[in-house]
Amino acid sequence: MATSDIIRTLRPKQWIKNLFVFAPLVFSVQFLNPPSVLAAIQAFLSFCLISGALYTLNDLFDIEEDRRHPIKRNRPLASGRLKKKTAIITLIISGVAGLALAFSLNLTFLLIILGYIILQLLYSPWLKHVVIIDIFVVAAGFLLRVIAGAVAIRVAISSWLLICTTLLALFLSMTKRRHEYFLLPGEASAHRPVLNEYSPYLLDQMISVVTASTLIAYCLYTVSEETIAKFQTRNLILTTPFVLYGIFRYLYLVHQKNQGSTPEELIIKDKPLLVDIILWIISVAVILYFR
């Protein structure tokens, strides 16, 4: 066993998902407020520690399933490089540290973290086997991160931000299911039984619906009177080309390159997509903070 195996089991690459915690900080125009930034960073670290503990717990639950997966069988627990006892100690330390950070922020944030933990504990043994609900549970994890980010810095959360986050999370969840379906032709249901309830046509139909909904929701958000009044600018609409390209590029990678199983890694590895996201962030920052 090596320290690297413990770190891999905590899955730091997937902590990119926790960056959703910073969305309320950016869109409440608090990014230049040091106390709010520190609170958001603390919330991010709390989610990283908690999610690391939950990933470890999931690996303990899914050892046998992972051993039948062409990629997941190389994980430290599934391959046997990491002992169960070590994994249990790791998840306890990571979980307690994450809860301590959450408690030091505020009680509401702690309750959201506990809700996130309960949702994930229900997901592994039960909810991930319920068709369509499994996708919504994954999306709910992203939504809770955004809500927690708002609670951490004590700002009201925009309904538009909740809608856009939910739709984007559903888009990522559905494309991930599609990739899993095609990754193991004829054996997908053995790894994840719920995949037997899906079909390529159904998944593509759902992805089409949520893709269009995401784009429309973001466009409406940028031109809504509420948004214009809040930010005192109509220029947020100028960021929509980056959103359009990002979603189309992602669909290209999913359909033409058969990728999408790990959105967090895909974003980092695909340079055009990464550049597009960076340009979107810069454009949003310039419009909101340098009016």
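The values are calculated or read from the model by the stated rules, or taken from the named source; none is laboratory data. Here the structure is a predicted model, which is why all the values come from computation and not from measurement. Methodologically, a virtual Cβ is constructed for each residue, glycine included, from the backbone with ideal geometry; neighbour enumeration extends over all protein chains shown.
The set of residues from the stretch 16-62 being β-branched (Val, Ile, Thr) and touching a Leu at 6+ places or on another chain (Cβ under 6 Å) comprises 29, 56.
Taking each residue of the stretch 246-266 that is on the phi > 0 side of the Ramachandran plot and looking for partners that are among the β-branched types (Val, Ile, Thr) with beta-carbon atoms closer than 9 Å, six or more apart or interchain, yields 260/175; 260/254.
Against the conditions (1) touching a Gly at 6+ places or on another chain (Cβ under 9 Å); (2) modelled with pLDDT of 95 or more; (3) of a type outside the set (Lys, Arg), residue 266 satisfies every one except (2).
In the set (1) modelled with pLDDT of 85 or more; (2) surrounded by 18 or more Cβ atoms within 10 Å (Cβ to Cβ); (3) within 17 Å of the chain's Cα centre (by Cα); (4) not charged (D, E, K, R), residue 91 fails one condition alone, (3). Examine the stretch 141-163 for a residue that is among the polar types (S, T, N, Q), crowded, with 17+ Cβ neighbours inside 10 Å and in contact (Cβ under 8 Å) with a residue 12 or more places away in the chain, and state whether such a residue exists. Within the stretch 141-163, one or more residues are among the polar types (S, T, N, Q), crowded, with 17+ Cβ neighbours inside 10 Å and in contact (Cβ under 8 Å) with a residue 12 or more places away in the chain. Among the residues of the stretch 218-233, those that are buried (at least 17 other Cβ atoms within 10 Å of the Cβ) and free of Cβ contacts under 8 Å to residues at least 60 places away in the same chain comprise 218, 222.
Residue check: residue 288 meets all listed conditions (1) under 22 Å from residue 30 (Cβ atoms); (2) surrounded by 13 or more Cβ atoms within 10 Å (Cβ to Cβ); (3) within 20 Å of the chain's Cα centre (by Cα) but one, namely (3).
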